[in-house]
Amino acid sequence: MNIFLKTEDEIELMRQANQLVGKTLGELAKHIKPGVTTLQLDRIADEFIRDNGAIPTFKGFPNPYGGPFPASICTSVNQIVVHGIPNEKEVLKEGDIISIDCGTLLNGFCGDSCYTFCVGEVSKEKRELLKTTKESLYKGIEKAVAGNHLGDISSAIQEHCEAKGYGIVRELTGHGIGRQMHEDPKVPNYGRRGNGLFLKSGMCLAIEPMVTMGDKSIGLLPDRWSICTRDGLPAAHFEHTVAIRNGKADILSSFEEIESLEGNLY
């Protein structure tokens with residue numbers, strides 16, 4: 001396992017990349033409504049990222065099961081957990097939820113964040129799923145401090161979600177991040193307190209709970225990218241990139257642009 005501790009200067013460069021991801025998600029929030037296609041959202045994101053001097057890191061990302069990812073963002077609607085491919089046939093409908101995962105490369109460092117949006121008015125059940133998943137993200141982040149263990153982050157997420165009856169996807173994890181989008185270590189969303197890697201100041205992690213309304217089992221769609229729930233029930237996905245500090249996690253990404261538009265709904 002190769003874990004790269006970041007200097008203060010490197011963390012500030014990572015903050016710039018991650019703040020741009022937050023601004024991109026905020027720009028997309030203006031356009032998420034019934035009748036919009038996921039391909040339209042991808043084109044907006046691609047243009048916004050490039051206009052701000054960065055590269056969308058997802059585009060062309062290699063896939064061990066097939067070809068490279070063909071888009072600049074992942075658009076995962078309803079029962080799609082992650083890695084949904086934007087396309088012109090997928091039209092957002094009233095009551096949908098859509099997880100948009102976005103990554104940038106700016107000044108040699110990567111940013112990565114995800115937010116699950118409501119399309120118009122959604123059911124109380126979906127809104128509660130989103131609320132719990134987002135809460136679990138921050139509960140995990142609270143444990144992302146030097147002196148704790150990786151399992152402290154994982155267990156905080158798991159305990160909060162499973163107490164509400166939701167499923168925690170096992171096969172997909174968060175990850176280290178820096179000059180590469182995916183670095184060591186993996187960051188599971190389940191685990192035991194006091195177990196796992198010892199956290200050190202300078203580590204940077206993408207923490208990203210992926211939570212299902214029903215069973216935790218997932219499957220791979222024929223496009224070889226999209227991961228879906230096997231029972232067809234919705235899933236939610238929230239992600240922040242954080243730097244490990246002494247005493248408190250430093251959140252490098254941001255939901256402020258989104259919440260300034262739609263309020264902190266959950």
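A few remarks follow.
- Within segment 51-81, the residues that satisfy the criterion of being of a type in the set (S, T, N, Q) and either surrounded by 15 or more Cβ atoms within 10 Å (Cβ to Cβ) or touching a helix residue (DSSP H, G or I) at 6+ places or on another chain (Cβ under 6 Å) (or both) are 52, 57, 72, 75, 76, 78, 79.
- Residues satisfying the stated conditions in segment 1-59, i.e. part of a loop (DSSP other than H, G, I, E, B) and of a type in the set (Val, Ile, Thr): 3, 7, 32, 36, 57
- For segment 140-199, residues that are hydrophobic (A, V, I, L, M, F, W, C), more than 26 Å from residue 15 (Cα to Cα) and without any contact (Cβ under 8 Å) to a residue 40 or more places away in the chain total 1.
- Residue check for residue 87: open to solvent by 10 Å² or more (accessible area, probe 1.4 Å) and within 26 Å of residue 221 (Cα to Cα): yes
- Residues that are touching a Cys at 6+ places or on another chain (Cβ under 9 Å), open to solvent by less than 10 Å² (accessible area, probe 1.4 Å) and closer than 17 Å to residue 166 by Cβ within segment 115-145 comprise 130, 132, 133, 136, listed in sequence order.
- Within segment 182-216, restricting attention to residues that are within 18 Å of residue 115 (Cβ to Cβ) and open to solvent by 10 Å² or more (accessible area, probe 1.4 Å), the residue that is farthest from the chain's Cα centre (by Cα) is 213.
- Residue match in segment 243-266 (condition: free of Cβ contacts under 8 Å to residues at least 12 places away in the same chain, over 28 Å from residue 184 (Cα atoms), open to solvent by less than 60 Å² (accessible area, probe 1.4 Å) and not in a strand (DSSP E or B)): yes
- Within segment 165-191, the set of residues being under 30 Å from residue 125 (Cβ atoms) and of a type in the set (A, V, I, L, M, F, W, C) comprises 168, 169, 172, 187.
- So residue 130, is it under 21 Å from residue 73 (Cβ atoms), touching a residue at least 60 places away in the same chain (Cβ under 8 Å) and either assigned to a loop (DSSP other than H, G, I, E, B) or touching a Gly at 6+ places or on another chain (Cβ under 9 Å) (or both): no
The values are calculated or read from the model by the stated rules, or taken from the named source; none is laboratory data. Because the structure is a prediction, the values reported are computed rather than measured. For neighbour counting, all protein chains shown are included, and Cβ atoms are generated from backbone atoms with ideal geometry for every residue, glycine included. The area values use the complete protein model at the heavy-atom level, side chains included, leaving out ligands, DNA and RNA. Shrake-Rupley method; radii C 1.70, N 1.55, O 1.52, S 1.80 Å.
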